[in-house]
Amino acid sequence: MKIKFLTTIVCALLVTTLALAQKSKKTTTPVSKDVFVSELLAKMTLDEKIGQLNLPTSGDITTGQANSSDVAKKIEQGQVGGLFNIKTAEKIREVQKLAIEKSRLKIPLLFGMDVIHGYETTFPIPLGLSCTWDMKLIKRSAQIAAQEASADGINWTFSPMVDISRDPRWGRVSEGSGEDPYLGSQIAKAMVTGYQGDDLSKTNTIISCVKHFALYGAPEAGREYNTVDMSRIKMYNDYFPPYKAAIDAGVSSVMASFNEIDGIPATGNQWLLTDVLRKQWGFKGFVVSDYTGVSEMVEHGIGDLQTVSAQALKAGLDMDMVSEGFLSTLKKSYEEGKVSLAQIDHSVRLILNAKYDLGLFEDPYKYCDAKRAKTEIFTSSNRSEARKIAAQSLVLLKNEKQLLPLKKSGTIALIGPLADAKENMAGTWSVATKQEKSISLLAGIQEVAGASTKILYAKGSNLDDDAGLEERATMFGKTLHRDNRTKEALLSEALAIANQADVIIAALGEAAEMSGECSSRTNLEIPQTQKELLQALLKTGKPVVLVLSNGRPLVLTEENATVPAILNTWFAGSEAGYAIADVLFGNENPSGKLTTTFPRSLGQVPIYYSYKNTGRPLGNKDGVFEKFKSNYIDERNEPLFPFGFGLSYTTFEYSNLKLSATTINFKETLKITVDVTNTGNFEGKEVVQLYTRDLVGSVTRPVKELKGFQKIALKKGEKQTVTFEIAAEDLKFYNSDLQYVAEAGEFEVFVGTNSNATLKTKFGLVN
């Protein structure tokens, strides 16, 4: 029966020569992708072509529903190119059967999903993951995510999100890699290669989709989906690089962003999707809209659904997610001469190319092996790796008098609304996470601290006094099980426990959905009821460790002034509780470094390290106000914690910064060396960071730019010489004519433990 079925597929899809090749593929060279796709295109009706450009959400067309739903009927009619938000190998097989057995041309479907930071084995949110500064670990997290997703039927992920963001009010800063284009580019490459590997036809690789193209991370006022207004020189220098890095890494698909660019929504912006993406960068894959991105152009004021759909196709958009504007209007637009058959064919070809690359024409069910799902998802080995990776994402912000690591003895009071909150540990965009299997902080501490340590627990407060806000901050099954006792009763219980303890761990901060899509905030502080709890705990006189959960940089000025130790844990994934406990008790030495700047106050936002000087720069970094200089009357200029910042249980000393030459020409390479010594009492890892400053340029240049980094491991007392290389190519930027150039002149070099590095020297670039 299976052989007969496969033969039917082959006959329907292939010309006679290809069919013969398929029967004897061991000895016959298969037809090329171009030939195969061209021959398939020639067989397709206009309606079937347009159908390939349609990406609806599946709903839940599961067993018993697959043959009766509206989407199912469209699949049978060849009106669907792919589906998203459906998972499990069994369900996907059932839906794929509709395309293979009941549609005329039997073209297989793509199955996409938001596999953002892991599948069931969930890694830290992308912002947290970026704080590892370890490209091997980041790539590995994507590999595991691809392995698990592909084992459950998924062959396409809408990741990585590489949007640069310098405004922590924007909730989706949690889903990106921070503020820096160089670091963001390295992470983009690591994620794409992790998902796609070197061969998409393998069963454990999936198509990656870089998003959101472009500038989505720079909305006015930090408000989700809001207008973006930016010069092109800023686009090219600061915001475009991670997208281009993903393209250069071979990403197969791109998602258009919701925002407008130069007054035209990205979804229908020809300059963006064709001139930049395809002509300048050479992208060969397909472009998909974001969810209802096509129809939303109507609200932007561009035209009716037919008008905006035609504009999107002509601009370079190939697949319409959910809007069904392509499906319902493109045929009419073709008949009216508003779009051409060549434009439609071009987009269809790109979709078919992707399916060919995945090997779906050869085996449409290659991702539907239920046996893989049982043996390759949420395995003990994957969870172990997630735990190790999560530990390296945590950032130690303060550790007064070496309060951390904690001893595995005595009595510890664990207090806070996020202490026993397993549903919140994975953070936002954890759509496949089995929240009930995630490890809470309480469970992690109980396991790691051991039997000789007594753990006392109290909630202490709710997330927020406002029950409505808490509900909005705990959507998608991430409940905190709100306690309906009075605020006074919760506090009284917490203080009674705190007074019995040797040390207090306060588990405070944001809930998982206080950051993420449509979770913009105008207040970047810990909710007031939690702040009051923290101050009450401090008044006990017991040492307090703040374990902070957050999906964005927060304003921690008060906490930094009063709390002796602060561990920033982000949302560390399904193994979060174990990973955090590993760091708290010294099984792991924290090595995470911030990839976003933490402001002192909301009024400093947007704030980032690579700012440009003014003509009246402030003459001190001591917080002293100077009239008629660029500063605030009521706040310092400097952030609370700079980009690249992160402490360790040990200390590192930098010395002996040397250059191989004082000048280089445009064909030479400069070697930069620095000695780094572990001067503390623990083994530790350090991220050695290299920055440059272009002192004179044809356009103004930032005061510092990250140009390299290395994560090294040093034993107690060990010294290592770290070497960097810089050439003219590394010093290039886009000038006012958008030419990518390096200019002769003088450069400063800074090396250190964060962006405030003061160890510096100079070199010249000469013609």
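Computed values, structure above
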| item | result |
| --- | --- |
| Angle in degrees between helix 181-196 and the longest Cα principal axis of the chain, rounded to the nearest 10 | 50 degrees |
| Peptides 272-284, 634-646, 312-324 ordered by average Cβ neighbours within 10 Å, highest first | 312-324, 634-646, 272-284 |
| Span from the the stretch 515-577 Cα centroid across to the the stretch 689-730 one, whole angstrom | 32 Å |
| Relative contact order (%) - the chain, alpha-carbon pairs under 8 angstrom, separation at least six | 13 percent |
| Cross-link pairs K398/K593; K408/K531; K139/K437; K49/K331 - those with Cα-Cα distance over 20 Å | K408/K531; K139/K437 |
| Relative contact order for the stretch 361-491, counting Cα pairs under 8 Å that sit 6 or more residues apart, in percent | 25 percent |
| Value in Å of the Kirkwood radius, where the chain supplies the Cα pairs that are averaged | 27.6 Å |
| Over the stretch 628-725, relative contact order from alpha-carbon pairs under 8 Å, at least 6 apart, % | 28 percent |
| Nearest 10 degrees, 0 to 90: helix 380-393 Cα axis against the chain principal axis | 50 degrees |
| Principal-axis tilt of helix 33-43 within the chain, Cα atoms, nearest 10 degrees | 50 degrees |
| Cβ-based net charge around V687, under 13 Å, with every Lys or Arg adding one and every Asp or Glu removing one | 0 |
| Cα centre as origin, Lys/Arg/Asp/Glu Cβ charges: the stretch 652-766 dipole, Debye | 300 debye |
| Cα centre as origin, Lys/Arg/Asp/Glu Cβ charges: the chain dipole, Debye | 1780 debye |
| Estimated [θ] at 222 nm from DSSP helical runs (n ≥ 4, -39500 (n - 2.57)) normalised by residues in the chain, nearest 500 | -8500 deg cm²/dmol |
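Laboratory data are not the source of any read-out in this text; all were calculated from the coordinates shown. Note that this is a predicted model, so its numbers are computed, not measured. With ideal geometry, Cβ positions are generated from the backbone for all residues, glycine too; neighbour counts draw on all protein chains shown.
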